[in-house]
Amino acid sequence: MTFQFKRHSSSGDIAEVTYELPALPPGVSGDLHRAIERYAKAVREGPDDADEEAFLAVKAFDAKNVQDVIAKLLYQLHFNHRGLDGETNTLVIIESNETATAAIEFATVTLDELYRQIPQCWESARKAYHAAVLAEKEYDDRAWTPAYQLSEAGGPSVPDAINTEYERLQEIRMNAEDVLLVIPAPSFAEWAIKYLICFDNGRDLNGMTDDLCAEAKSLLEIAPSPEANELGLLLAISRWEKPLSAAISEEA
């Protein structure tokens, strides 16, 4: 991808040249995400200097992956050149002088390189996710579950070091999962993998329901329509037939 900041349509109370903050990439660590949300709330709601205090948590966070580095860079840039569109309550980066212009240009080049390091295709994201799941399961089998079972049998509590490492591996897996789930599945086999990740074995990632439905319709080549009703959609679904080439291949 080629990263570019998007110009913001400024209202009259902020600088003429402003840029929107892009959405955080999938896979940002949960603690960092929450720190950024607190910072954004402080910018919007105050009181004075609350944003400076809230930003300290963002700055102090130890990045766990490239997505964290991107998030920290974006919000460092905002903190240094911060603005708020009072009409839309949108955080914006203000290009007010040559120093700001140079910082924005440097950040654009750096962010472009960083975004390229996030898996962009299904197979690379799947491999990263598989490796993360394997690492978590190996530690679970070797360390956490034995320590937990010993604790349940009346022994000492699970050591803090084991819990901390287990939580670290869980977060790596969840971040890799976030990246995988936003990449369009190339076929229904990969779509089924995404569905099972979201809903099998008692999981209920209901926030993914609309995305999965939209992806399934895309794979079925059902065009989105704002006028579509329930029966119209069911008719389109029931009309679908396996492509002739695939049917012939299976029969052979």
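Counting charges near Tyr139 (Lys, Arg +1; Asp, Glu -1) among other residues having Cβ under 14 Å from its Cβ returns a value of -3.
Size estimate for the chain follows the Kirkwood approach: the inverse of mean 1/r over distinct Cα pairs works out to 21.9 Å. Would you kindly give the portion of the calculated P(r) for segment 18-116 that falls above 17 Å, as a percent of all Cα pairs? Here the tail beyond 17 Å accounts for 50 percent of pairs. Residues whose amide H lies under 5 Å from that of Thr90, counting only those 5 or more places away or on a different chain, are Asp85; hydrogens are built 1.01 Å from N in the peptide plane.
Hand me the tally of lysine pairs in the chain: alpha carbons under 27 angstrom apart, and the pair either on different chains or 8 or more positions apart. Taking the chain as the scope, the lysine pair count is 20. Volume of the convex hull of segment 31-76 (Cα atoms only), normalised per residue: 55 Å³. All Cα-Cα separations within segment 88-167 were binned at 10 Å from zero, giving a P(r) of 14, 22, 18, 19, 17, 8, 1, each value a whole percent of the pairs. Spatially, segment 164-219 and segment 24-54 are offset by 26 Å when compared through their Cα centroids. Using the rule -39500 (n - 2.57) for each DSSP H run of four or more residues, divided by the residues of the chain, the 222 nm mean residue ellipticity is -19000 deg cm²/dmol. Charge tally around Gly46: other residues with Cβ under 12 Å, Lys/Arg +1 each, Asp/Glu -1 each, net -4. For segment 58-205, the calculated P(r), taken from all Cα-Cα distances in 5 Å bins from zero up to the bin holding the longest distance, is 2, 8, 12, 14, 14, 13, 12, 10, 8, 4, 2, 1, 0, 0 percent.
Bear in mind these aren't lab numbers, they're just calculated from the coordinates by the rules spelled out. This is a predicted model, so every value here is computed, not measured. We place every Cβ from the backbone using ideal geometry, glycine too, and count neighbours over all the protein chains shown.
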